[in-house]
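Read through the structure below, which is laid out as structure tokens, and then see the notes.
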Amino acid sequence: MKYNVTESDLRSILEAEAAAIKAIPLTYAYSRAVELIVEQVDRKGGKLVVSGMGKAGQIGMNIATTFCSTGTPAVFLHPAEAQHGDLGIIQRHDLLLLISNSGKTSEILKLVELAHVLNPDLKIIVITGDTDSPLAEMADVTLHTGGAPEVCPLGLTPTTSTTTMTVIGDLLVVSVMKAIGFKVEDYAKRHHGGYLGAKSAAEASGK
């Protein structure tokens, strides 16, 4: 059985996702988030601990590794595994970046509770589609995805929401890079393999 995917169908999906990205609220919260990351990680020597469940967790893994390669030490903490000892990764001066579209993910809410037992002063940045959610209420800084509907025909599968989460991660990464003055020489010290390693090494040496 063949199914004809039309250009019109595909373009409508692209336009919906592009509109969702453009509708991400750009507020002072971004300045505050960058200030927290720079203060806790760059100045105090902590690290960014990123967490999310399911699809949001996969986005979180990508955000964490991108921060690592651009001068901000970060790790991904699986919220379920945190309850079985991995919570011990959290140290003094660390900072949480939590991702949940609903802001009601039980594993993430439990992570906040347990993390604050370990470190009552732990600061939290949240990326969510619901600024009135329980998770948003726990946050020091909340970054709203805009809450656009999913392009999934069922309105259920994380699609548009994961796109906006990824873009918000990019906004944070690039803004922090600028704030700490991260240069190509610094990138080359962290990225040695593959095309990007060769490219950054060449640019760093002026070749």
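The values are calculated or read from the model by the stated rules, or taken from the named source; none is laboratory data. Values in this document were obtained by computation on a predicted structure and should not be read as measured data. Backbone-built Cβ (ideal geometry, glycine too); neighbour counts: all protein chains shown. Just the protein is used for accessible areas: all its heavy atoms, side chains included, with ligands, DNA and RNA removed. Shrake-Rupley method; radii C 1.70, N 1.55, O 1.52, S 1.80 Å.
Compute the relative contact order of the chain as a whole-number percentage, counting only Cα pairs closer than 8 Å that sit 6 or more residues apart in sequence. Intermediate values should be presented prior to the final figure.
Numbers: 325 pairs, mean separation 44.5, N = 207.
Answer for the chain is 21 percent.
For Leu14 and Glu35 in the same chain, what is the full-extension length gain: residue separation times 0.36 nm, less their Cα-Cα distance, in nm? Numbers along the way, then the final one.
On the way: separation 21, 0.36 × 21 = 7.56 nm, distance 3.31 nm.
Length gained, Leu14 through Glu35: 4.3 nm.
What whole-number value in Å² describes the accessible area per residue of the chain for a 1.4 Å probe?
Working: 11170 Å² over 207 residues.
Accessible area per residue, the chain: 54 Å².
Using a probe of 1.4 angstrom, how much of the accessible area of the stretch 77-171 is carbon and sulfur, in percent? Display every interim value, and only then the final one.
Values: 2230 of 4350 Å².
Carbon with sulfur: 51 percent of the solvent-accessible area.
For the stretch 67-93 and the stretch 148-207, what is the separation of their Cα centres, given in Å?
After rounding, the separation between the Cα centres reads 19 Å.
Considering only lysines 8 or more places apart in sequence, or on different chains, count the pairs in the chain whose C-alpha atoms sit under 24 Å apart.
Eligible lysine pairs with Cα atoms under 24 Å apart amount to 26.
What size of dipole, in debye to the nearest 20, comes out for the chain about its Cα centre when the only charges are +1 on Lys and Arg C-beta atoms and -1 on Asp and Glu C-beta atoms? Kindly include the intermediate steps, with their values, before the conclusion.
Details: 18 positive and 22 negative charges, 130 e Å.
So the dipole magnitude of the chain works out to roughly 620 debye.
Return P(r) of the chain (all Cα-Cα pairs; 5 Å bins starting at 0; whole %; ordered from short to long distances).
Bin by bin from 0 Å, the calculated values are 1, 7, 14, 18, 18, 14, 11, 9, 5, 2, 1, 0.
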